[in-house]
Every structure is written in C-alpha cells, then in structure tokens.
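Structure first, commentary second.
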Amino acid sequence: MQKKSPISICLFPAAGYGTRFLPATKAMPKEMLPVLTKPLIQYGVEEAMSAGMNTMAIVTGRGKRAIEDHFDVSYELEHQIQGTAKEKQLADIRHLIDKCTFSYTRQIEMKGLGHAILTGETLIGNQPFSVILADDLCVNDEEGVLSQMVALYKTYQCSIVAIEEIDPSQTDKYGVIAGDEIEPGIYRVSTMVEKPSPEDAPSNLAIIGRYILTPDIFEILRHTKPGKGGEIQITDALMEQAREGKVIAYTFRGKRYDCGSVDGYVKATVELYEKDKQNLKS
Ligand code: G1P
C-alpha cells in the first residue's frame, strides 16, 4: 500500500565489492545475494515502497548490471512460465516494477559511502531523501524502519539516522553517536564518529544502514575531507549538520541483520525461513 510521504526518493549505494562474500560476489553484486527467494536489494526496495517512496535511485559500479536486469521485465522467462503455477513467484517483483521508477548512476571510483551518496546527487536533486544500505536487512512486523523514520521526519524536518545498541567491543565496525535523549530512544546528536575503537567511542549507539538526509548534505559532502580509511564518510558530513542540532538518531523498532557478514546473512536466512516457510511459494 502506497502512503503519501514527504520523502519520495530512496538512494541505494550499491557500488561496493562485497569482498567478504568472495568468491560468490566475484561476478555477482552482493546486493543480489538471496535471502530465501529474494535478493537483498529487493527487501530494501520493498521497505522504501512501504514507506511511500516510488523512486529508487541506485548508485552502481562495474559488474552490477544484474541489479538493473532484476528491476526490469524478462520477456523470455516470463513468456516461458506464463500460465503456469510458477508465474505467481514473479508477482511481487512485477508489482515493484509497475509502481516504482528506477534510475541509475555509476560510481567510477570507490571513495567511501559519503562519495557514493554524493554521486547520487544527480538522481536526487534538491529534496530530502532516504538511504538504504541493502546489506543491512531490517524486518519489523507492523511498520518498516524507513516508515518509522519518515514519521519522525515529519516532526523534526532534519537528517535522521537509525541506531541500535551494540556490544561496546564492536564500535570499530560502525558510525557511533552521542547526544541528548529528547524522547525515549530519540537523540539529538551532538557527536558522531566513524568506526572508533572501543576506548574512543562516545557511546555504544551504532548507526545502521538507514538514513534520511536533507539535501544540504551534498554541499557538505563536496568539501568533506577523506576520513577513516582515507574515504569520504557520510558520518563526517552528518557531524557538520549535528553541530547545528540538525541530526536526530532514532532507536528503531524491529530487527536488523548484518547481511554484509556471513554470520548475519546465515542468521537472516535461518530466521526468515522459520517465519516465512508456510508462505514460500513453491
Ligand atoms: C557504513 C557507515 C557506518 C555505518 C554502517 C552501517 O559502514 O560508514 O557509519 O555504521 O555503514 O551498516 P560500512 O558498513 O559500509 O563499512
């Protein structure tokens, strides 16, 4: 069901190599790894759509053509299975293709998440937008994480990051925030640091792969210097907005699987299978 949203466009940075899944990702984009019968990026597109967005802007790179083909018709295949029981297995993806517009641009060099988001400017223009990192697979029975964030955007009208509490030993895998808790689980961010060591971390509240960003972020990204790992970090650009009190961190309702790691991917597969096995169309 489409809802009217103040945010109509979702950006998917999808140019990364997915080295943790080699050799599976040698010739296949990591965003196309399936959890049950759906590729990771399709879960993301469905989440964005249920948050009222109908334009999907995808930043791709070399070797990512399978993503474009996935969100397109496949005449030969569809002709072959027409009228058979298998046809219904394509119903969900057909619905997405009917309802959404997909646009693409390529990131030529991998210079970090901030750089990937800046590359997407050409597809976004001057409007607030959401970002989904497809390898963070988020599930929640009543309301998707992005829908929850859109509701919050209506109140705060500024950039929003989704956060969760992590084991303090894991801070060097995430952007980590600190701030004032202005409502239960909602913080006005005062500090954010990309992948700090546990000793340097300002808290154990980690950013996960869901963002709502105001378009001034592009101008900030244009002058953001390379940070952690020599890459242009969205966390550093957001820190500039945070200095003016313009970033909210939101403890989302639901569960997130880190499908960028083999552990998280297997966990997602097992748990979603347990939940959905009755509905799996065979
Ligand atoms: C990126 C961000 C990081 C964030 C994470 C969430 O890191 O740079 O701040 O916590 O996504 O998944 P990556 O996982 O791409 O290294």
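The values are calculated or read from the model by the stated rules, or taken from the named source; none is laboratory data. Keep in mind that this is a model prediction, so the values were computed, not measured. All Cβ positions, glycine included, derive from the backbone under ideal geometry; neighbour counts span all protein chains shown. SASA here: full protein model, heavy atoms, side chains in, ligands and nucleic acids out. Shrake-Rupley method; radii C 1.70, N 1.55, O 1.52, S 1.80 Å.
Efficiency by 1/(1 + (r/R0)^6): what FRET value for E143 and R20, r their Cβ-Cβ distance, R0 = 41 Å, to the nearest 0.05?
Once the sixth-power term is evaluated, E becomes 0.85.
Using a 1.4 angstrom probe on heavy atoms only, work out the carbon and sulfur share of the accessible area of the chain in %.
Looking at the chain in its full context, I get 50 percent from C and S.
Could you give the Stokes-Einstein D for segment 154-260 in µm² per second, using the C-alpha Kirkwood radius, 10 °C, 1.306 mPa s?
114 µm²/s
Over the alpha-carbon set of the chain, divide Rg by the Kirkwood Rh and report the Rg/Rh ratio to two decimals.
Here Rg/Rh amounts to 0.96.
Averaged per residue, what accessible surface does segment 203-282 expose to a 1.4 Å probe, in Å²?
The answer is 49 Å² per residue.
Taking only protein heavy atoms and a 1.4 Å probe, what accessible area per residue, in Å², does segment 88-159 have with all protein chains in place?
Per-residue accessible area for segment 88-159 comes out at 45 Å².
Could you pull out the pairs from K195/K246; K225/K246; K64/K86; K86/K277 whose alpha carbons sit more than 23 Å apart here?
Where the Cα-Cα span goes over 23 Å, the pairs concerned are K64/K86.
Length gain on complete extension for the stretch S103 to D216, per 0.36 nm per residue less the alpha carbon to alpha carbon distance?
So the extension gain works out to 38.6 nm.
Taking only Cα atoms and a 10 Å spring cutoff, compute GNM fluctuations for the chain and point out the largest among K88, K195, K111.
K88
Using helices alone, I'd like the mean residue ellipticity at 222 nm for the chain: each DSSP H run of four-plus residues gives -39500 (n - 2.57), total over residue count, nearest 500.
-8500 deg cm²/dmol
For segment 52-179, what is Rg from Cα atoms divided by 2.2 N^0.38 Å, rounded to two decimals?
Dividing the Cα Rg of segment 52-179 by 2.2 N^0.38 Å gives 1.30.
Using the Cα atoms as the points, what is the convex hull volume per residue of segment 168-216 in Å³?
Residue-normalised Cα hull volume stands at 94 Å³.
With label points built 7 Å along Cα→Cβ from the Cα atoms of K173 and Q82, find their separation and express it in nm.
Distance between the two pseudo-spin positions: 4.7 nm.
Spin-label point model (7 Å from Cα, Cβ direction): what's the D180 to R243 distance in nm?
The two pseudo-label positions are separated by 1.9 nm.
Taking the Cα atoms only, what angle lies between the long axis of helix 145-156 and the longest principal axis of the chain, rounded to 10 degrees?
40 degrees
For the ranges 243-249, 223-229, 160-166, 80-86, what's the packing order if you count other beta-carbon atoms within 10 Å of each residue, average per peptide, and put the highest first?
Per-residue Cβ counts within 10 Å, averaged per peptide and sorted highest first, yield 160-166, 243-249, 223-229, 80-86.
Within straight cross-link reach of K88, meaning Cα distance under 14 Å, which aspartates and glutamates are found once same-chain residues fewer than 8 apart are removed?
E78
What ranking, highest mean first, results for peptides 94-106, 21-33 when packing means the other Cβ atoms within 10 Å averaged over each residue?
Ranking, from highest mean packing down: 21-33, 94-106.
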